[in-house]
Structures are given as C-alpha cells and as structure tokens.
Amino acid sequence: MARFQDVLALTPVPRSLLDDVVNALLDALEGLPLDNGKLTTGVDSFRDVRLVEGDHLTAGARYQVVSEETKDEGLNLELKVVSWNRTGESQIEVRAASEGHVVNTRLKLRMAGRRLHALHAEGDYQGPGPLRRLQRATWKAEASFEDWWANQGSRNAPPISLRIVHPLAHASFLVGRGKDKDRHWRANGTLRLRGRWIARPPAGVVLLFMRSRIRRMLRAGFVRAETAWNAAVPGMAERGLQDPVILRHQLEVEPVSREWAEKYVAALHRRVGELRFDDGRLADASADVRLLEGEHIRPGARYRVVPENYVSRPPELTEEEWERFGPRQRKPLEASVAAWNSDGPSRIELSVPEDGQTGWAELDSAQKPALVRAAYTGGLGAFSRLNATGEGDLERWWAGVGGSDDGGPAFTATIKHPLGEGTVSITGSPTKKNRWKVDVSVTAEGRDWARPLAAVAGLLSGNAIESAISEAASDWNDAVSKATKDDPDLAAKATLHELLNAPATAGEPD
C-alpha cells in the first residue's frame, strides 16, 4: 500500500453561511413548479424532467428524464425520493442505465433543524460484456460537517472521506482537520492506494517506482485547490447570502479624449458605408457577408452573415432532425438597415432566424454621438426567453470623467427572464493620475422558486464576475493603447478590417 499526505491552509467558511446556502437550495427544490407532472422552470436543462409517481419531494416520489435524445441514446435516468425531511434526514436514489452500463447512486442529507449535519453518498457501477466482474466498482463518500466544526485537532475519524473499490484496486482519500493556525483551517489530506486480487503484486511494484511522481502530482493539485479556495472564500464570506444580489467593483482604465473618440466613430460609420459588394457579396474580406436586398447601407438593405465552415441543413432532414443530429455550430446572422445617417440616427436590426433571436442597435448621430441603445430577445445557453436592453448616455459619461457630473450611471443594461432580473450600471469619474475611474454595479434578483437560487448563484459567482470585469478592463487598456497611437481614421480602418477578416487570414489593412 502507498500512502501520501499533505496539508492545506484554508480560509474558514462561516458555519452560518454554509447553513444559509443549504437551506436556500432546499427552498428552491421544494418550490420547483410542476404542471401535470412536468417541471416548468423556464430552464431548458430541466424541461425533460417528469414526475411520474407520487407527490413532489415526498417519500415514494419518482422522477424520470424523458426526451428524444435520451431515447435515441438508450439512456434511462430515474430518481426516487426515499425520504424527505428538510429538518431531519432526506434520502434520494438515482439510477442511470445505457447500453448495458448501470450506475446507481444513493444520497443522504442529514439536517439538525436549519443546520447542516452531514452529507453521505454511495454508489456502484456495472459494465456490460463478458468481463463483467472487472467492469464494476463501488464508491462511498461522506462529509460530516458537525465533526469538522467540532473536532479541531481531534484524533477521531476524519470528517471527510472518499473510498473507491475496484476488483483490482482500492483507493481512499481522507481529510481531517488539524489545529487552526494564523486564522486558517489546517486540512490534513491523506491518499492511500493499493492493488487487489491478482493486481496486488504488480500494483505494489508500480507504486514503488511511481511514488515520487504521484507525490508531486498530489502536491500540485493541493496547491491549486488551496489557491482557488483562498481566492474565492474571503469574498463570499464578506458578501454573504444576499437577496437581492448586489456586487460592486471599482477599477481604473486608460482614457480616450472626446475629440479622438468622436472622430473614430464618425470614421467607422463612414467606412462601413464605403464597403464594396460584388455580385451581392462583400469584396476584399474573408467574412461571408451577402447583400440580399436593397442598396448597400441604405434603409431597407438586408444582409446575411454566414459563419465560417457553416453547414446547411440537407433537404432530406427536417428542421427538428437537423437540430438534434446536425453539427453544433453558429447560425447565420441577418441584418437590416432601418436608418443610416452621419448627422442623424442610425439603426441596424439583427436576427438569427434559426434560433429565434432578434435584436437591434442604434446611434443618435455619428458626427456628434450622445446616445447609443441596443436590445436583444432570445435564448442564451440553458435559458430561453431572455430580454436584454442597454443604453449609453455619452454626454453623461464625458461629464462624469470630466468631473462635472452628479455621479449617476452613464451606461445601464437590464436583463429580464421569467426567473429573475438583473441590471448592470457603469459610472465614470476622473482620477489624479489622468486615468478614468470606473464603478461597475451588478444587481440580480430571482423570482418565485428561483429567488433563493439566484442568491446562491450570486454568492458563488461574485469572484468570477469581478474577474470578468477586470479582464474586460485589461482588454480595453490594450485596445486603447494600440488604437490611440494612430489617427482615428486609420484606427477605424483597422477595426473594420479585423472584424471582417478571420484571424488566420487577416493581414495588415491597406
């Protein structure tokens, strides 16, 4: 048997925060809406879940995932509620079977009132074929949260454990809590590996020669886990579980003069109008842009942008069949010109007919831009029926970064869905270092059964949102530093060239 040990120093998670998260998840599960046994959550991932027996989340309730995809794959997925008591013990069994592969999982949650006591999971796998004895495994995992908080430095059994048993091998991973140091948890991790049956002798030899490499891999994994944990937990502990969720992030970015920005917008607007089409296709560019109707950039002009390597639906397949069996690919975008004026409004209307997505963008004036607006309706990932609107008050922005505004947001965006609503607002102000100070505020609030789920999502995603904002600011700084070295007209030309040419084929603009 080989044994490997290491220690992690982890930022503590407040016990109350963990309990709040678990209870919020239980609230969301109990509040799931059903219509004639079908989940009607508004999330596409759940649309194929059916309650086929009993009442929702009561002993004996049975659920199945029923869809054309699971039927075609021969997948049978079923969930059964053995018991449900959110202040005591709840147990759920899950069975998945596909083409002779069977996975059984049993989950047990123990609560003491509103306090999380323990989580236990165990299961087994059985594969098909003549070597069935070797195509099987069992596992068992347990996390005793009560023991974790109570037994600091205890010599009792580790409160967190995972054991996996295969006919030829056995592995276990145990995590105990040592004495806290420097206001950090000391998590003692132990990994044990050994062979079984006829594999025991060769496994011993392999582990002997691989010991150092396994130790290095384990240490590297521990370092990554420790770093990620300690980066995420302090922010979550500070924010707590919010309803509604409110996230704020402040940073500084490179500035652009108003004169340069307005000349750049005017030049970009003009250069779009100068694009040349031959036989209805955009010339001198790798992008497949087709002029379907009207005269270029005049009101009524309609375009179709076909993604690279796009494959059209064969006539022998229906739209439903192509959606299920065809390649996952970006769909063609259609654009129509509603207005295009250098000293007046310009508006482009967009749609992806194959996905039912629509949107529009408009600018009040290319010569003296003061207001930009945009909207989108459609789906995004697992969420359908999204409605998003955004508006930028450029006069307020220039006043804000000039130090003469009241501090209100210059840019705002709102996203609405049947499950909730979110807003983003951006405010600018000057700094003493000739940079722009940008304050970004993100708020989100769930509706109905998704309200507690939105609070949990906000807690867990706060760091990721801040990172995304910081990354966007870094991209802005890189782009501005490069673009402002040129005349606004040349910068606009370069921007349009990059947009209309794939990275692999793009060269220097003429």
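Extending 7 Å from the Cα toward the beta-carbon at both LEU75 and LEU460 defines two label points whose distance is 1.9 nm. P(r) tail, region 199-311: Cα-Cα pairs separated by more than 20 Å, 74% of all pairs. Mean projected area of the convex hull spanned by the Cα atoms of region 267-334, taken over all viewing directions: 6.0 nm². Each Lys and Arg contributes +1 and each Asp and Glu -1, all at the Cβ; summed about the Cα centre of region 19-149, the dipole is approximately 480 debye. Which residue, chosen from ALA28, TYR303, TYR264, occupies the Cα position most advanced towards the positive end of the dipole of the chain, where the dipole is computed from +1 (Lys, Arg) and -1 (Asp, Glu) charges on Cβ about the Cα centre? Final value for the positive-end residue is ALA28.
Of the trypsin sites (Lys or Arg not before Pro) found in region 208-310, the ones in coil according to DSSP and having at most 16 other Cβ atoms within 10 Å of their Cβ are ARG276. Computed from the alpha carbon atoms alone, the convex hull of region 1-126 holds 172 Å³ per residue. If R0 is taken as 35 Å, the Cβ-Cβ distance between GLU254 and ASP364 corresponds to a FRET efficiency of 0.85.
Extending 7 Å from Cα along the Cβ direction at SER384 and again at PHE325 yields two label points whose distance is 2.2 nm.
Only Cα sites of region 2-232 enter the Debye sum here, all with the same form factor; the resulting log10 I(q)/I(0) across q = 0.18 1/Å is -1.34, listed in q order. FRET efficiency for the pair SER342 and SER212, taken as 1/(1 + (r/R0)^6) with r the Cβ-Cβ distance and R0 = 56 Å, rounds to 0.20. Candidate cross-link partners of LYS80 among the aspartates and glutamates, defined by an alpha-carbon separation under 18 Å and a same-chain spacing of 8 or more, comprise GLU30, ASP48, GLU53, ASP55, GLU89, GLU93, GLU122, ASP124. Compactness of the chain was expressed as the Cα radius of gyration divided by 2.2 N^0.38 Å, which yields 1.23.
One decimal place: the segment ALA220-ASP124 gains 31.6 nm when fully extended, by the rule 0.36 nm per residue minus the C-alpha distance. Applying 1/(1 + (r/R0)^6) with R0 = 22 Å to the Cβ-Cβ distance of LEU499 and ARG290 gives a FRET efficiency near 0.85.
For PRO14, neighbours were defined as the other residues whose beta-carbon sits under 11 Å from its Cβ, and their charges (Lys and Arg +1, Asp and Glu -1) total -2. When +1 charges are put on Lys and Arg Cβ atoms and -1 charges on Asp and Glu Cβ atoms, the dipole computed for the chain relative to its Cα centre reaches about 3600 debye. For region 246-500, the fraction of C-alpha pairs more than 25 angstrom apart is 56%. Among the listed pairs LYS263/LYS368; LYS140/LYS181; LYS263/LYS485; LYS108/LYS140, those with a Cα-Cα distance over 19 Å are LYS140/LYS181. Going by neighbour counts of Cβ atoms within 10 Å, the residues PHE222, PHE411 line up, fewest first, as PHE222, PHE411.
FYI, it's all coordinate maths here, none of it is from the lab. As the structure is a computational prediction, the values presented were derived from the model and not from experiment. Here Cβ is always computed from backbone atoms with ideal geometry, including for glycine, and neighbour counts include all displayed protein chains.
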